1. How large is the charge dipole for chain A, taken about the Cα centre, if only the Cβ atoms of Lys, Arg (+1) and Asp, Glu (-1) carry charge, to the nearest 20 debye?
2. Taking a temperature of 25 °C and a viscosity of 0.890 mPa s, what whole-number D in µm²/s does Stokes-Einstein yield for the stretch A:25-189 with Rh from Kirkwood over alpha carbon pairs?
3. I'd like to know which of A:Gln52, A:Ser95, A:Ile42 lies farthest towards the positive end of the charge dipole of chain A, counting +1 on Cβ of Lys and Arg and -1 on Cβ of Asp and Glu.
4. What order, most packed first, do the peptides A:168-175, A:56-63 have when packing is the mean number of other Cβ atoms within 10 Å of each residue?
5. Which order do A:Tyr82, B:Tyr59 fall in if you start with the one that has the fewest other Cβ atoms within 10 Å?
6. Listed here are the pairs A:Lys131/B:Lys164; A:Lys133/B:Lys110; A:Lys170/A:Lys190; A:Lys190/B:Lys164; which of them are more than 20 Å apart at the Cα?
7. Over the stretch B:23-114, one equal point on each Cα, no solvent: what is log10 I(q)/I(0) by the Debye formula at q = 0.14, 0.21 Å⁻¹?
8. Across the residues of A:25-38, average count of Cβ atoms on other protein chains within 10 Å?
Amino acid sequence: MPLITTRANASATGYGAFLGAAASTAFESIATATGTGSSGTITFSSIPSTYQHLQLRVCAIADASSLSSFRMEINGVTSSVYSYHQLNGNGTAASATGGATQSLMLFSTPFHTSHPTVAIFDFHDYASTTKNKTVRAFYGNNQNVPGTSDQIIALGSGLYQQTTAISSIKIYHPSQNFTTASTFALYGIKGA
Amino acid sequence: MPATYEPIATTTLSTAASTITFSSIPGTYTDLRLVLVITGMSAGNRTGIQFNGDTASNYSTTRLQGDGTTASSTDNNTNPNIRITDVNQLSTSLQFITLDLFSYAGSTFKTALAELSNDRNSAGSVYRSVGLYRSTSAINSLNIMLLSAGTMSTGTTATLYGIKAA
């Protein structure tokens, strides 16, 4: 059973309460993919439209180190309907980049063979058939190397200028493979 | 579809404390999420996270921050904890912190994403950070700590959630 303790400044004091695993249906697992070691592409298809939002959680290890990017395509569309922005920190300075009228969304980050690159992508109102779609990204990689491009923390946004519901998401590395220790988990968040 | 976002444990400080520890964390989830609301702490203090009782310099953190005037980035490498904040806090300032820890039960190094919001009505800051724990052991305990002598105030709450993939 999980335990919680707190330590007061002078005298040790245990305090806490355990909450049992309460069933909830508001945040549900839709599908999970793991890397194969021979591909750098993960595609979630046939995504149901029964949720309010989607969240994609990624823990990725590449088969080679690089300063590269997560790239993303929606519904298999590769025409110039995407744009993106990102705010970055590398331990030394903050910076910002972006792209407009692109054929994909791009989220720049380092990858490494043993230091995971992690990300949370939120797709808001993904099933709407009247709105363009915006993606919020929070991602980073840390390799315990000070002040270099081998570490980054970033906030990103992506725009998909289509009003069709999102039914597939392709996320990929442009040149490397994801190892079998990599996890890509897609969740659905229900509305009331 | 199975429910996948579950509370593992929660605590609210009834007396001021310098640490909050979650132990015996089950390895049955894919990710962990910590939600921490610190109602105040000793002035000049900072918050750090350790895993598995490991106090060696196996941690590093890269931060992106804004203080209302300037955006900047800082880091701590080969450090004895993931340092969520790098700013001196006031004793009455409320801090809202979340930490997402990915593949915590796996056999790779562990990476976490953290957020901190701290507004002090004319001062304050917002932080985002990526933390690394260079250990391949599964994480079964998590320690929230202050980096200097002092305490987190009464009413501070911490909840640990498990997120389970299908």
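Nothing in this text is a laboratory measurement; each read-out follows from the coordinates by a stated rule. Predicted model, so just to flag it, every value in this text is computed and none were measured. Heads up, the Cβs are rebuilt from the backbone with ideal geometry, glycines too, and the neighbour counts pull from every protein chain shown.
1. Result for chain A is approximately 240 debye, rounded to the nearest 20.
2. 154 µm²/s
3. A:Gln52
4. Per-residue mean Cβ counts within 10 Å order the peptides as A:56-63, A:168-175.
5. Values: A:Tyr82 25, B:Tyr59 28.
The fewest-first ordering by Cβ neighbours comes to A:Tyr82, B:Tyr59.
6. Values: A:Lys131/B:Lys164 30 Å; A:Lys133/B:Lys110 31 Å; A:Lys170/A:Lys190 22 Å; A:Lys190/B:Lys164 16 Å.
Flagged as over cut-off: A:Lys131/B:Lys164; A:Lys133/B:Lys110; A:Lys170/A:Lys190.
7. Summing over Cα pairs of the stretch B:23-114 leads to -0.59, -1.23.
8. For peptide A:25-38, the averaged partner shielding equals 3.
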